[in-house]
Amino acid sequence: MRWVWIDGFVEFESGKSATAVKNLSLAEDVFAEHFPGYPVMPAALILEGLAQTGGILVGEANEFREKVVLAKINHAKFYREAFAGERLIYATRIEDLREEGALIAGTVHAGSELIGEAQIFFAHLDQSRGKQLFGDHNFVFSGELKYLLGLARAAAKPADAASRA
Amino acid sequence: MQSKEEIQRKVAAVLVDALNVDEEEVTPEARLQADLGAESIDFLDIVFRLEREFGIKIPRGELFPESIFQGDPDFIKDGRVTPRGLAELKAKMPFADLSKFEKNPTLEGISDLFTVDAIVNYIENKLQAA
């Protein structure tokens, strides 16, 4: 399974905000077990999608030089379940960004309905003990997440260029 | 200028939110790690919140100095803080009470210097200097 929990960016303003969408398809493995006969998106995976949206936003703000890792979820609230067939909109905004890390505020909508919100705190690993533990290889923005970087960069293009593409 | 009580109240509210602890636990002597269960990542969260609450800038390493923890042999030897290390701690953390620590300056003991009161003192100094 690929650990990519967003389908694409629809808005991207460098250093400020990013919005991604996630279509919940009944064909996804997760719905077979969660729950049998009652396909609900696990809240943890909604947070993962929100964190990937915000994590790319934070990473791009420093041109992906930092290893951005999810450090802490300060608050997370869910107002209702998200079901297969729905399209989730993950909107994230940088509240605070400094050399050691960043704070993101995020909302989750299904259509126009707010179904969840969270505050997510990211750390820049090299600015802490990361270098000693992991060396220079940027394991965060590699492999599968590289695909997301491409999405983020495409979304960061000017609006008219994106609409022609 | 905010009164010390006001600063204490705001610092306590920040810690209650950041560490998910009860207000009663946040006594002036409470140690962030040993008593309030703070982990290293929480320190940055606390810095973010203090900056916002008090409208100040907290430069990296000013409230929670890292240099002393990096195992510099000048500062730390055989698990104990050297006299030079003590001088460094005093210089970097004028807001902390080192009187008890000086009697038995172990490396593990450093984390006990980060108390609620130390943060309140730091903020008070910072606001006075502003």
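What follows is calculated from the coordinates using simple rules that are stated; it is not laboratory data. None of the values given here were measured: they were computed from a predicted structure. Cβ placement follows ideal geometry from the backbone for every residue including glycine, while neighbour counts extend to all protein chains displayed.
For a quick check of your reading of the filter: which GluC sites (Glu not before Pro) in the range A:34-86 sit in a DSSP loop and have no more than 11 other Cβ atoms within 10 Å? Could you put the intermediate results ahead of the total?
On the way: sites: A:E48, A:E60, A:E63, A:E66, A:E81, A:E86; in loops: A:E63, A:E66, A:E81, A:E86.
Listed in order of number, the matching sites are A:E63.
If you line up the long axis of helix B:4-19 against the longest principal axis of chain B, both from Cα atoms, how many degrees apart are they, to the nearest 10?
Rounded to the nearest ten degrees, it is 80.
Hey, can you rank A:92-99, B:41-48, A:10-17 by average C-beta count inside 10 Å, highest first? Numbers along the way, then the final one.
Details: A:92-99: 17.2, B:41-48: 21.1, A:10-17: 15.1.
In decreasing order of mean packing, A:92-99, B:41-48, A:10-17 become B:41-48, A:92-99, A:10-17.
Could you point to the residue in A:N23, A:I46, B:S3 farthest towards the positive end of the protein assembly as shown's charge dipole, with +1 and -1 charges on the Cβ of Lys/Arg and Asp/Glu respectively?
Value: A:N23.
Would you kindly derive the ³J(HN,Hα) couplings of the range A:6-19 from the backbone phi angles with the Karplus curve 6.51 cos²θ - 1.76 cosθ + 1.60 (θ = phi - 60°), listing them in order in whole Hz, with x for Gly and Pro?
Going residue by residue, I get 9, 8, x, 8, 10, 8, 8, 10, 3, x, 10, 8, 8, 10 Hz, with x marking Gly and Pro.
Please report, in debye to the nearest 20, how large the charge dipole of the range A:1-130 is about its Cα centre when each Lys and Arg carries +1 at its beta carbon and each Asp and Glu carries -1 there. Present the calculation step by step, with values, prior to reporting the outcome.
Details: 12 positive and 19 negative charges, 32 e Å.
Using Cβ point charges on Lys, Arg, Asp and Glu, the range A:1-130 gives about 160 debye.
Taking the Cα centre of the protein assembly as shown as origin and charging only Cβ (+1 Lys, Arg; -1 Asp, Glu), how large is the dipole, in debye to the nearest 20?
Values: 33 positive and 48 negative charges, 162 e Å.
Rounded to the nearest 20 debye, it is 780 debye.
So how far, in whole Å, is the C-alpha centre of the range A:1-39 from the one of the range A:49-102?
A separation of 13 Å, based on Cα centres.
What span do the alpha-carbon atoms of chain B cover on each of the three principal axes, reported in whole Å from largest to smallest?
Cα extents, longest axis first: 40, 31, 25 Å.
With contacts defined as alpha carbon pairs under 8 Å and 6 or more residues apart, what's the relative contact order of the range B:65-113 in percent?
Details: 39 pairs, mean separation 16.2, N = 49.
Result for the range B:65-113 is 33 percent.
First select every other residue whose beta carbon is under 12 angstrom from the beta carbon of A:V10; then total the charges, Lys and Arg +1, Asp and Glu -1. Before the final figure, lay out the partial values.
Values: positive: A:K22, A:R87; negative: A:D7, A:E11, A:E13.
Charge balance in the 12 Å sphere: -1.
Normalised by the number of residues in chain B, what is the relative contact order in percent for Cα pairs under 8 Å and 6+ residues apart? List each step's numbers first, then the result.
Working: 131 pairs, mean separation 41.9, N = 130.
Averaging sequence separation for qualifying contacts and normalising by length gives 32 percent for chain B.
Per-residue ellipticity at 222 nm for chain B, helices alone: DSSP H runs ≥ 4 residues times -39500 (n - 2.57), over residue total, nearest 500 deg cm²/dmol?
Numbers: 5 runs with 60 residues, N = 130.
Counting only the DSSP helices, I get -14500 deg cm²/dmol.
Measure nothing fancy, just the Cα-based angle from helix B:40-54's long axis to the longest principal axis of chain B, in degrees from 0 to 90, nearest 10.
It works out to around 40 degrees.
Could you please report the charge total around A:E28, scoring K, R as +1 and D, E as -1 over all other residues with beta-carbon less than 14 angstrom from its beta-carbon? Write down the numbers at each step before the final one.
On the way: positive: A:R2, A:K22, A:R87; negative: A:D7, A:D29, A:E33, A:E48, A:E86.
Here the count lands on -2.
What number comes out for the charge environment of A:K72, summing +1 per Lys or Arg and -1 per Asp or Glu over other residues with Cβ under 10 Å away?
Details: positive: none; negative: B:E39, B:D42, B:D45.
Counting the neighbours of A:K72, the net charge comes to -3.
Neighbour counts of other C-beta atoms within 10 Å: give me A:H75, A:H34 arranged from fewest to most. Display every interim value, and only then the final one.
Details: A:H75 10, A:H34 14.
Exposure proxy ranking, most exposed first: A:H75, A:H34.
Considering every residue in B:39-49, what mean count of other chain Cβ atoms within 10 Å of its Cβ is obtained?
On the way: counts 2, 4, 8, 3, 1, 14, 8, 0, 4, 9, 3.
Mean number of neighbouring Cβ atoms from other chains: 5.
Would any residue of the range A:1-38 have its amide N under 18 Å from a label point 7 Å out along Cα→Cβ of A:T107? List them or say none.
Answer for the range A:1-38: A:10-13, A:16-22.
Extending each Cα 7 Å along its Cβ direction at A:R93 and B:I56, get the distance between those two points in nm, one decimal.
Inter-label distance under the simple model: 2.7 nm.
Strictly over 22 Å apart at the Cα level, which of B:K92/B:K126; A:K67/B:K77; B:K103/B:K126; A:K16/A:K72 would you flag in this model?
Among B:K92/B:K126; A:K67/B:K77; B:K103/B:K126; A:K16/A:K72, the Cα-Cα distance tops 22 Å for A:K67/B:K77; B:K103/B:K126.
Take the Cα atoms of the range B:65-113, find their three principal axes, and give me the spread along each one in whole Å, biggest first.
24, 19, 17
On average, how much area does the Cα convex hull of the protein assembly as shown cover when viewed from any direction, in nm²?
Projected area, direction-averaged: 19.3 nm².
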